[in-house]
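Heads up, the thing below is written out as structure tokens.
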């Protein structure tokens, strides 16, 4: 679709370009942290600038509602990008939360006993759950929903409005709180079946040891819990991949729903 002269001129407005760039750069940097933590900042910046170019036409059509100084506008747009990025990051981190919960409850997060500087993810469960969830999210087209949502946010929340209006601040806070609650619900839903199996295995093991007065060797209870947990992951692989991918994609799309992030 070609742009007329009247639509090209607003694209050259430095205030509009800076405002959109601030929103996209912050949203991309924060939102992608749980998905690709190893991606260098230069690549994140390039992706943010690419989304800035894609969002500029829609931002120009919506107009620049920015009576304040440039610094105030950029700061407001950065806060909007922070809210959008946090909402996406919370949904994408749900699988890792579930894996970390499983690792800690089942007694598999013992990396700190050997290396106090090591993170709990070295037990493997959180990282494994992260990869399973990421595969399902990408297969469900969640990355496309994130990109489309970031670009379309300049229409649902006009550039320059920022957080200056009380209604905009309330809508953004409500949307972020709702997304965090949804992400927590997804994590609990993923973890509960495996948690129940691990707790049952611990209970059966404790009952057997009490009954036959058997003293297990060091690491045996953790090994049994690990086997039970791996079995649960294998049996529920579809839920950790396709189920999580569809649920996360739906919640990411809801993050950018116009009723959730209003442009009062």
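May I ask you to order 17-25, 197-205 by the average number of other C-beta atoms within 10 Å around their residues, highest value first?
Values: 17-25: 24.4, 197-205: 15.7.
Ranking the peptides 17-25, 197-205 by packing returns 17-25, 197-205.
Given a Förster radius of 41 Å and the C-beta distance between residue 50 and residue 223 as r, what FRET efficiency does 1/(1 + (r/R0)^6) yield to the nearest 0.05? Spell out each step's value before the answer.
Numbers: r = 48 Å, r/R0 = 1.16.
E(calc), rounded to 0.05, equals 0.30.
With the crude spin-label approximation of a point 7 Å out along Cα→Cβ, what separation in nm comes out for residue 147 versus residue 177?
Label at residue 147, label at residue 177, 3.4 nm between them.
How much FRET efficiency would the formula 1/(1 + (r/R0)^6) give for residue 235 and residue 138, where r is the Cβ-Cβ distance and R0 is 22 Å, rounded to 0.05?
On the way: r = 23 Å, r/R0 = 1.02.
Approximately 0.45, to the nearest 0.05.
If each of residue 210 and residue 127 carries a label point 7 Å out from its Cα toward its Cβ, how far apart are those two points in nm?
3.7 nm
Extension gain residue 196-residue 61, at 0.36 nm per residue separation less the Cα-Cα distance, in nm? Mind dumping the intermediate values first?
On the way: separation 135, 0.36 × 135 = 48.60 nm, distance 5.30 nm.
That works out to 43.3 nm of additional length.
Sort 236-245, 81-90 for me by packing, meaning the mean count of neighbouring Cβ atoms within 10 Å per residue, highest on top.
Details: 236-245: 18.3, 81-90: 24.6.
Per-residue mean Cβ counts within 10 Å order the peptides as 81-90, 236-245.
No lab work stands behind these numbers, since they all come straight from the coordinates. Model, not experiment: these values are computed from the prediction. No Cβ is skipped: glycine too gets one built from the backbone with ideal geometry, and neighbour counts run over all protein chains shown.
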